[in-house]
Structures are given as C-alpha cells and as structure tokens.
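**Q** Have a look at the structure that comes next, please.
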C-alpha cells in the first residue's frame, strides 16, 4: 500500500475488511508506515470503545477489572494488541488485560467457574 487513500479506496471497494487484514499485517511487518499506522489506530479505537463499555458497566468500581481479547484482529495483529493495551492503560487503569487472545467460549467458561466458586464460598 502506498497511501492511506489507497487503503481506503481498496477497503471501500471490498467491504470484507477481514480479508484485508492479512495484507495490512504483512505490509506492516515489512515496514510499511501506512499499514503500521492503520493497525495502531485500530488498536487505539478498539481501546476507546472498550473504555466506554468499562465505564458504563463498572462506573463506581475501583477494583481491577479482568479483560480478555478475542477475535481474529487481536489474534493475528500483534500491533493491534499492543496499541489496544497501551491505549486502554492510559484511558482507564483498572482493566487487567490478559495479553493472550482467548476463544470466547473459554472466556465464558472462566467467568462461569469464578462465579460458581464464589457462590460455593458464600454458601459455606
């Protein structure tokens, strides 16, 4: 990719953004500054969205908030993960991000196990 405009034209002619990810990651890995900026911006924007959700769900909570990353963008784009974690840390210090990308089902099972063990402890 030679420019952000070229990337935008390509993306707008092919709405399957997931199909563009490998090309953008490969370009970024090869040192393409435009691709690197796209991935960094993607991570920052995802972090901004996560911060909004966190503030909505946990407005008064002062404790650490466990957070997992899921999905192909996080799985295959290290730059997105790094940008996401760095930006989120600046926006809200409470999330403790699991830097390993997890499968959504695994995350749901972890939450269920924690809830179940908490209920068992309270029942005793």
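**Q** Modelled label-to-label distance, residue 111 and residue 78, 7 Å Cα→beta-carbon offset: nm?
**A** Output for this residue pair reads 3.0 nm.
**Q** Please report the relative contact order for the stretch 4-123, taking Cα pairs under 8 Å with a sequence separation of at least 6, and give it as a percent rounded to a whole number.
**A** 26 percent
**Q** Please report, in Å, the Rg and the Dmax of the chain, where both are computed over Cα atoms only.
**A** 17.7, 64
**Q** Hey, another quick one. By average Cβ neighbour count within 10 Å, what is the ranking of 20-28, 50-58, 76-84 from highest down?
**A** Listed from highest to lowest mean packing, they are 76-84, 20-28, 50-58.
**Q** When the helices in the chain are scored as -39500 (n - 2.57) per DSSP H run of 4 or longer and the sum is shared across all residues, what 222 nm value do you end up with, to the nearest 500 deg cm²/dmol?
**A** -23000 deg cm²/dmol
**Q** Multiply the residue gap between residue 45 and residue 17 by 0.36 nm, knock off their C-alpha separation, and tell me the result in nm, one decimal place.
**A** Roughly 8.5 nm would be gained on extension.
Every number in this text was worked out from the coordinates using simple rules, so none of it is lab data. Computed from a predicted model, the values in this text were never measured in an experiment. Cβ coordinates were reconstructed from backbone atoms using ideal geometry, including for glycine residues, and neighbour counts include every protein chain displayed.
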